[in-house]
Each structure stands twice: as C-alpha cells, then as structure tokens.
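Remarks on the structure that follows.
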Amino acid sequence: MSTDEPTAVVIGGASGIGLATVRALLGEGYRVTLADVNTEAAQRVAGELGDRVTTVTVDVADEASVAACFEAAAGARTVVNCAGLSMPGVIVDLELSNWRTTVDVCLTGTFLVLKHAGRHVADGASIVCIASLNARQPGTGMAGYCAAKAGVVMLVEVAALEMAERGIRVNAISPGLVDTPLVAGMSLVPGLTEEYLENTPLGRSGRPEEIAAAVLYLSSPQATWMTGSTLDLNGGAHLRRYPDVVARVREMAQPDT
C-alpha cells in the first residue's frame, strides 16, 4: 500500500451518486472509505471494487456513528456526503415523524458530518455536500425535503467560514433529476418525469457520473479558491419550475371516467 495515496470518505456510497463518486475517486488514485447505512450493500460493492475500498456502517442521524466513522478515517483529503431521503406529503397532512425523519437525515445528518469531518480531516481538505435543486425550487408535497436541502446550502456557507482558517473548503452540489434509486419512484407516477423534463432546458435527466465529475472538480487543485459555493447541476431546471407532484399523484389516484 502506498502511503502517498490520498484518502476519501463517501457517505451514502453504496448506490446512486455516492457509488459513482466512489468509482470516480478510485479512478483518481484515492483509497476510499465507503460509508453507508446499508451494511450489506456497502460490503457487496466493496467486494466488487477491490482492496482500496473499506466499508463502515454509518447512520448520519446518529452522532456516535458519524463520530466513529471519521475517527477511523482521520486525515482524509476528501469527504462527500450523499446521504438523503424524502418522505413526501402536503403540509396539512404530513406526519410529524415523517418531517423529522427527512430533516434528521438530510439536514441534521449534514451537520453531524460537517462537525466530525471538520475535526478529523486533513488541513486543506475538501468537503462536498449533496444538496438538491429543491434547495432553491419548491415542490408541492416536499416541504420537509425542500426545507432541509435549503438548510444544507446555508449550513455549507457557515461551515466554509468557520473551517477556512485550516484551509478546509466546503462546497455543495445541487443536482436536479438524476437517474438513481432515490428518484426511481417518480416513474411510477404517470406524467411526472415527463413534466420534469419539459421544464429542463437541456431536456434530459442527469447521470450519477456527471455529479461525481463535479465532486472531482471541487476536490481538485483547480478548485482551491472555491469555498462556500453551491453548484447548480440540473440541466437548467432551476430556470423554470418544478413539477406539481401532488397534482400528478391525485390524477393517478382518480378512477377513469
């Protein structure tokens, strides 16, 4: 094992954007700690990717879990937090438990990753948080997710201020619709994906590898003067409007007349 290999931690690295990021970092010569709440999936992926990947089970809503992850990966040069979920529902009907679960994972989880990564990463490290188009664009039925991701963007700015004295750069990426397991359910709602793409100037969904490429840029020597920024990566979808998720679901639920 080369002692000169840079190290990275990818939270949520067992699938989707996280897995694409793990692959991209390996391609750049990193050793990667793949952290995920799904232990079985993480171990399966690590087995496929080789001995430069180690795994750790992490629940981003549990502080002890997050702390242990970064204690074990002290000195990392790159940290990427891809953990996220959404439990939709219109505000007047949304269960408080669903709100809290979404906020705990998406926002509190980001806080905990920043807190413990900030204690243990190397000086000059890069931390990248995956936010969302919904950090700036509201969607019906998505109150918890939109609020949490908007919070992530501001949290990244505060962290960038506080960690700058050690040269640690903290940035976010706000993807639009990307072909991942997280958004697979959209295809089950007739017309929803089509409405989204109609409001995306470039006319297509994104690929996880495109988000991973942005992570590589933010963690590279070419981005050493960039911190506290959020990169919109959504095919221009932020320039138009978000689909009316609730209306589409209601249409699906109505019997044919």
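Laid out as a table, the results:
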{"quantity": "Viscosity 1.002 mPa s, temperature 20 °C, Stokes-Einstein D of the chain from Kirkwood C-alpha radius, µm²/s", "calculated": "115"}
{"quantity": "Rg ratio (alpha-carbon, reference 2.2 N^0.38 Å) - the range 197-246", "calculated": "1.40"}
{"quantity": "Student exercise, the chain dipole from Lys, Arg, Asp, Glu Cβ charges, in Debye to nearest 20", "calculated": "380"}
{"quantity": "Quotient of C-alpha Rg and 2.2 N^0.38 Å, computed over the range 1-65", "calculated": "1.05"}
{"quantity": "FRET efficiency for residue 91 and residue 38, using Cβ-Cβ distance with R0 set to 22 Å, rounded to 0.05", "calculated": "0.15"}
{"quantity": "Selection from 124, 143, 180 lying farthest towards where the dipole of the range 105-196 points positive, charges on Cβ", "calculated": "124"}
{"quantity": "Under 5 Å, built H, 5+ apart or other chain: amide partners of residue 131", "calculated": "173, 174"}
{"quantity": "As computed over the range 152-257, the Cα convex hull volume per residue (Å³)", "calculated": "117"}
{"quantity": "Amide H partners (placed H, <5 Å) of residue 79, local residues excluded", "calculated": "9, 126, 127, 128"}
{"quantity": "Sites residue 217 and residue 251, calculated FRET efficiency, Cβ-Cβ separation with R0 45 Å, nearest 0.05", "calculated": "0.65"}
{"quantity": "Assigned charges on the beta-carbon of Lys, Arg, Asp, Glu; the range 1-47 dipole about Cα centre (debye)", "calculated": "120"}
{"quantity": "Helical mean residue ellipticity (222 nm; -39500 (n - 2.57) per DSSP H run of 4+; nearest 500) of the chain", "calculated": "-12000 deg cm²/dmol"}
{"quantity": "Listed peptides 31-38, 213-220, 198-205, 235-242 by packing density, highest first (mean Cβ within 10 Å)", "calculated": "31-38, 213-220, 235-242, 198-205"}
{"quantity": "Assigned charges on the beta-carbon of Lys, Arg, Asp, Glu; the range 1-83 dipole about Cα centre (debye)", "calculated": "240"}
{"quantity": "Built amide H within the under 5 Å cut-off of residue 55, gap 5+", "calculated": "34"}
{"quantity": "Leading residue at positive end of dipole, the chain (Cβ point charges), from 6, 32, 158", "calculated": "158"}
{"quantity": "Distribution of pairwise C-alpha distances over the range 141-211, 10 Å bins, in %", "calculated": "16, 36, 31, 14, 3, 0"}
{"quantity": "Note, ³J(HN,Hα) from phi for the range 179-187, Karplus 6.51, -1.76, 1.60, rounded to Hz, x at Gly and Pro", "calculated": "6, 9, x, 4, 10, 4, x, 4, 5"}
{"quantity": "Extension reserve of the residue 68-residue 187 stretch, reckoned as 0.36 nm per residue once the Cα distance is removed", "calculated": "39.1 nm"}
{"quantity": "Cβ-Cβ FRET estimate between residue 123 and residue 207, R0 fixed at 30 Å, reported to 0.05", "calculated": "0.35"}
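Read-outs throughout are calculated quantities, based only on the coordinates presented, and are distinct from any laboratory measurement. In this text the structure is predicted, and so the values were computed from the model without any measurement. No Cβ is skipped: glycine too gets one built from the backbone with ideal geometry, and neighbour counts run over all protein chains shown.
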